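Peer 1: I'd like to ask you about the structure that follows.
Each reported figure results from applying straightforward, stated rules to the coordinates on display, with no laboratory input. Everything numeric in this text was worked out from a predicted model, so none of it was measured. Reconstructed Cβ throughout: ideal geometry from the backbone, glycine too, with neighbour counts over all protein chains shown.
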Amino acid sequence: MMRITDVVKHLLIINVLVFFVTLLVWGDPAPELMGTLLSGSGEFADWERYRFALFFPTSPYFQPYQLVSHMFMHADIRHLLLNMLGLYMFGSALETFWGARRFLFYYLFAGFGGMILYLLVKYLEISSGNADEQLMKYYLQNVPMLGASGAIFGLMVGYGMLFPDNVISLLFPPISLKAKYFVLIFAGLELVFGLGIVNLSSGVAHFAHLGGALFGFLLILYWQKFGTRL
């Protein structure tokens, strides 16, 4: 068992606290409100805790603070546990290798990278089509995105690049893979799902995952070539 490093520990605490505090204070939107909210005709306060998720900038529900707050929000306990497991598995090794400041910069850089690619793809979806699809465009603007998954995928890529031959053992499915193969398989699956080649899940921001992985990959390449003052 690897010890939990300082920045990873604080990120774990922040994510867990944000999840439970927002759930207890605001709660989730009532199911009967969802149709109204997604049409854009509801009130911002009716989104309850999802007001801290990220809405597309042209949505009436968008607020600037969501650019940061969405990275510390999670939809449910399963979403939270999976991301926190990834943060512990990959983050502690990277923080030990890089140090606290460099690791935190990388984590946030990957998280914002995931957001940037997600917003870019969402913009392309909204701007395509014709006037008959205005209702769908409005719907796309008002579906929020939340979670630390972009940053976590960045950590996964960083781990695969720095420790490519370390073996990662999964409980489900019960297999063991070298980190470099683990990263390639997961990135490939996200691309397949994101492009809609295979649609096995809904409500997952696949391009946010890919954005975190891509920005993390590019940042490590930059550091390897030019170094860093962090």
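Peer 1: Calculated from DSSP H runs of 4 or more alone, at -39500 (n - 2.57) each and per residue, what is the 222 nm mean residue ellipticity of the chain, nearest 500?
Peer 2: That calculation yields -18500 deg cm²/dmol at 222 nm.
Peer 1: May I ask for the percentage of alpha-carbon pairs in the range 19-64 that lie more than 16 Å from each other?
Peer 2: Cα-Cα pairs of the range 19-64 separated by over 16 Å account for 35 percent.
Peer 1: Something else now. Among Pro57, Pro174, Pro164, which one shows the biggest mean-square fluctuation in a GNM of the chain, springs joining Cα atoms closer than 10 Å?
Peer 2: Judging by the Gaussian network model, the answer is Pro174.
Peer 1: Could you run the Karplus curve 6.51 cos²θ - 1.76 cosθ + 1.60 with θ = phi - 60° over the range 50-56 and give me ³J(HN,Hα) per residue in whole Hz, x for Gly and Pro?
Peer 2: 6, 5, 9, 7, 9, 9, 4
Peer 1: In addition: Any idea which of Leu210, Phe103, Ala151 is furthest toward the positive side of the dipole for the chain, if Lys and Arg beta-carbons carry +1 and Asp and Glu beta-carbons -1?
Peer 2: Phe103
Peer 1: From the phi angles alone, apply the Karplus equation (6.51, -1.76, 1.60; θ = phi - 60°) to the range 178-195 and give each ³J(HN,Hα) in whole Hz, x where the residue is Gly or Pro.
Peer 2: Each residue of the range 178-195 in turn: 5, 4, 5, 6, 4, 5, 4, 5, 5, 5, x, 5, 4, 5, 4, 5, x, 7 Hz.
Peer 1: Between Ile168 and residues 5 or more places away or on another chain, which pairs have amide H atoms under 5 Å apart, with H built 1.01 Å from N, and which residues are they?
Peer 2: Residues meeting the criterion, in which the H sits 1.01 Å from N, are Leu177, Lys178, Ala179.
Peer 1: Hey, if you drop one equal point scatterer on each alpha-carbon of the chain and run the Debye formula without solvent, what base-10 log of I(q)/I(0) do you get at q = 0.08, 0.11, 0.13 Å⁻¹?
Peer 2: -0.31, -0.58, -0.81
Peer 1: Now for a different question. List, in order, the whole-Hz ³J(HN,Hα) value for each residue of the range 81-98 obtained from phi through the Karplus relation with A = 6.51, B = -1.76, C = 1.60 and θ = phi - 60°; use x for Gly and Pro.
Peer 2: In residue order, the calculated couplings are 5, 5, 5, 5, 5, x, 4, 5, 4, 9, x, 5, 5, 5, 5, 4, 6, 8 Hz.
Peer 1: Which of the three applies to the range 57-171, rounded, prolate or oblate, going by the alpha-carbon gyration tensor with a ≥ b ≥ c and a/c under 1.5 meaning rounded?
Peer 2: In terms of gyration-tensor shape, prolate.
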